[in-house]
1. Select from segment A:115-167 the residues that are among the charged types (D, E, K, R) and on the phi > 0 side of the Ramachandran plot and list them in ascending order.
2. Return yes or no: is A:V205 buried (at least 21 other Cβ atoms within 10 Å of the Cβ), β-branched (V, I, T), within 24 Å of A:L48 (Cα to Cα) and away from chain B (no Cβ under 14 Å)?
3. Within segment B:281-292, can one find any residue that is of a type in the set (A, V, I, L, M, F, W, C) and either assigned to a helix (DSSP H, G or I) or modelled with pLDDT of 85 or more (or both)?
4. When segment A:293-347 is examined, which residues are found to be farther than 17 Å from A:D231 by Cα and polar (S, T, N, Q)?
5. Does A:T236 satisfy being closer than 22 Å to A:H327 by Cβ and free of Cβ contacts under 8 Å to residues at least 40 places away in the same chain?
6. Kindly establish whether A:L178 is of a type outside the set (D, E, K, R) and either free of Cβ contacts under 8 Å to residues at least 12 places away in the same chain or within 11 Å of chain B (Cβ to nearest Cβ) (or both).
7. What's the total number of residues in segment A:232-268 that are in contact with a Phe, Trp or Tyr (Cβ under 7 Å, 6 or more places away or on another chain) and either acidic (D, E) or part of a strand (DSSP E or B) (or both)?
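The values are calculated or read from the model by the stated rules, or taken from the named source; none is laboratory data. On a predicted model such as this, the values are computed, not experimentally measured, just so you know. Please note: Cβ atoms are built from the backbone with ideal geometry, for glycine as well, and neighbour counts cover all protein chains shown.
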Amino acid sequence: MPALLCQNLTKSFANQPVVRGVSFTVQPGDILALLGPSGCGKTTTLRLIAGFEQADSGLIEIDGDVVADGRTHIPPEKRRAGIVFQDYAIFPHLSVADNVGFGLPRRERPSRVAEMLEFVGLAGMEERMPHELSGGQQQRVALARALAPDPAVLLLDEPFSNLDAALRLEMRQEVRHLLKASHTTAVFVTHDQEEALFMGDQVAVMNDGRIEQLGTPEATFHRPRTRFVADFLGNTDFVPGTVTADGIETPLGLLPQHPNLPPGTAVTIASRPDDVILTPDEKGNGRIVSRRFIGIAFISGVALADGTIVHSWQSHMTNLAQGTAVHVRFGDEHDLVVFVGDTAVNV
Amino acid sequence: MAVNELSSVRPLQPKSISFKPNWLRHWSPFQAILVGSAVLVTALILLVPAYLLLRTVTGWENAAQTLLRLQTWQVLGNTVILAVSVTLATAVLAVPLAWLTTCTTLPGRRLWSILVALPLVIPSYVAAYLFASLLTPKGLLQQWLYPATGLERLPAFYGFPGAFLVLTIISYPFTYLTVRAAFKRMDPALTEAARSLGVSPRRAFFRVTLPYLRPSILAGSLLVSLYVLRDFGAVTMLQYSTFTRIIYNRYTGYRLDAAAALALVLVALTAVILIFEHKSRGRARYGRTSIGAARRQQPVQLGKWTIPALAFVGSVVFVALIVPAGGLIYWFWRGWQQDFGVKMLDGASSNTAALTSLLEPAWHSFSASFLGAVLAMTLALPIAILVVRRPGRLSQFFEKVTYASFALPGIVVALAFVFFGINYATSFYQTLPMLLLAYVILFIPQAVGAERASLMQVSPHLEEAGRSLGQRPSSVFRRITLPLVRPGIIAGGALVFLTAMKELPATLILSPLGANFLSAQIWTNINEAFFARAAAPTLLLILLSSIPLAWMTLREKNNGKR
């Protein structure tokens, strides 16, 4: 039995559909990352599960209990769905202990609060007030508070976006570790693809109110089924090509792949910077038009004769000036994803 | 960091599935209570204009006669002229005052900024009698000037000149406070950008600062004009015939149909201002467009203008604060010497006895105002919660009705209650509950405004987090929302209390039988020109009404660093 089941959820605000037919299940102890650009409906989906919004239609089951369908709307307090907000929503007038103990029966508070604070590494901070805590500590309090009543599912709404870059990396690892250690089923909303790939056992990429693809992080990254997913999960260039008997003819030369398509079909190839190999060449097929230094590497933008721009990455020791004539070709380590229209044909 | 395995796995609470009819699905019992209470309050407010309308229609002949009389149109003219002239004068005073006390190197500007706002606590009838005792043709000023100058009499003070002077002096703080707030919010980058585009400081003021201030000047001015239209004490005391005074005269002359008809016209007039205010508010918010904290402004160097600036601010404070305060002390001292005209105060035979006899009206004023403030804040809370947390057509309706009750002057509300009490609820008439309900109608816009503002400071996520931790809406309200908005509610309540203490017409007309109120006592004495007798209750009134505000200000200072 899945810990969480959503089936065909829909929700509109003022006749504007925001969630349109979202379905997924999360197995006990799994983390699902809902990934998508802002306005894609991921936060609304989360709020439908929490019960803060009422779905127009669709079914939600938590731990096998129906909490929302066409006729039923169980209020949030009876859903056993804990939530951690982007702004943490720590009650500013309550101490750390009172925050963590908020959802507990009075009797159980002292022991459970101590246990939870120990668990998140805040032992001894019971009497601190929220404004005396750092951002990371506030996050731990929010997590401890949400986990204290032992929710059936934990919902996290962009929980790391208020932290600075270094702390964000640290908290990511730590929160994942804590969720796993407590066997918590969680749904995690983010717009950061790297975060989603790291945190999720499953990643659901959302666009315009729908889930475009749901799968393991690896599968979703390597085998995007739509152009949107390919585009959103990593700096993807789309290179035009034509199917021939020998492979796919592209501005970067012949790609020796044989999709099951009639010759002459126009296709698009998804190419990430690591798929494109670049060598300086006076008589090459392209010219470097942009350079981005990201520390561990250079990412060069190369303009081809037909105007296509592809990106390629080199080690940080290979410093090629803008304007350098180069030869670019696809690498042959793995097959590239080929699209006809918006849909991938070879995944 | 050590991570333990979590021990217990324990269901949060028994799960139940409830099936409610469709229309109730969004409504928890808590919300049903909120809506029910809001419906009662709006019904109470709407009762006032409805009853006036009914009265006017049933007494149609008398009403029509009243409305068609030349005098009515003169009154309308008087009212409009007074409102417009006072509004203009307050704007002219307030803008330079706000600028000097916020943006310049004026010496002691923090102190000045408090002193300049203080006249707000003076009731209009008190200011009226203090200035009247000083400035009437044979008043104190003439008596002091006579030995030196031989001046026989000063120009007329009663009528328009007095009403204009007094209302300007006590209402300019409204505009001052809104404009000052705008100056403080203003991003210095605005004028700096103008300067960098080659505009001189003076032109920058007129081309950037003044247009930026326009909404706040407008907002303050509308408050002032509403204040003038609603004022009863000053115009009646100074015998300038605006609507409130004439309505009161008709009421005391038992011509209730005429009073109702005139009250309707007054409500219409205030409603016009209110609609204007509402429209201007929509566009009025010029927020800072840039992100990041605004830098502190560099104060403008006054240089050689320091002395004239000090003279200007000083003379405003002198006229609006020192003179009334001095007058009050003078009359108190005169009264003290004459044992406060002992005959008037229940046969009190000495100063101590006279002052002791004030305890009873003081208690009545204090307790009624306190209960009124508590009731207004309590009844306003459901409306404020609905407006902030459950926006929708119903909430909008509640908000608009409470806001519209700004258009109901005290005299009008009192009148409607009198009609209603005499005809339908005689046992209720002239009881404390009735006075308190009138207070609720009069002060609910203020109360909703204050509570709405503090509710907006509370992130809805806090309440949602509480819900997801298994708490029902009522419990979330008690454990999270209420503790967080309590300071705002108390602050709003203190202001309502202050306004209720000063309130005159409703208190005068609706006060429970046999109960004496400070404001009513002052009013009776000044109407018979017993200024010395009015001084002691006035001092007591100002003192009592300022207690909560002073207490709050002190607390704020102590908690300032939180």
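1. A:D150, A:E158
2. Against the criterion (buried (at least 21 other Cβ atoms within 10 Å of the Cβ), β-branched (V, I, T), within 24 Å of A:L48 (Cα to Cα) and away from chain B (no Cβ under 14 Å)), A:V205 qualifies.
3. yes
4. A:S300, A:Q314, A:S315, A:T318, A:N319, A:Q322, A:T324
5. Working: closer than 22 Å to A:H327 by Cβ: yes; free of Cβ contacts under 8 Å to residues at least 40 places away in the same chain: yes.
For A:T236, the condition - closer than 22 Å to A:H327 by Cβ and free of Cβ contacts under 8 Å to residues at least 40 places away in the same chain - is met.
6. On the way: of a type outside the set (D, E, K, R): yes; either free of Cβ contacts under 8 Å to residues at least 12 places away in the same chain or within 11 Å of chain B (Cβ to nearest Cβ) (or both): yes.
For A:L178, the condition - of a type outside the set (D, E, K, R) and either free of Cβ contacts under 8 Å to residues at least 12 places away in the same chain or within 11 Å of chain B (Cβ to nearest Cβ) (or both) - is met.
7. 3
Residue-wise test of (1) of a type outside the set (D, E, K, R); (2) at negative phi; (3) in contact (Cβ under 8 Å) with a residue 60 or more places away in the chain.
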site	(1), (2), (3)
B:I81	yes, yes, yes
B:V84	yes, yes, yes
B:W144	yes, yes, no
B:R153	no, yes, no
B:Y158	yes, yes, yes
B:T168	yes, yes, yes
B:Y172	yes, yes, yes
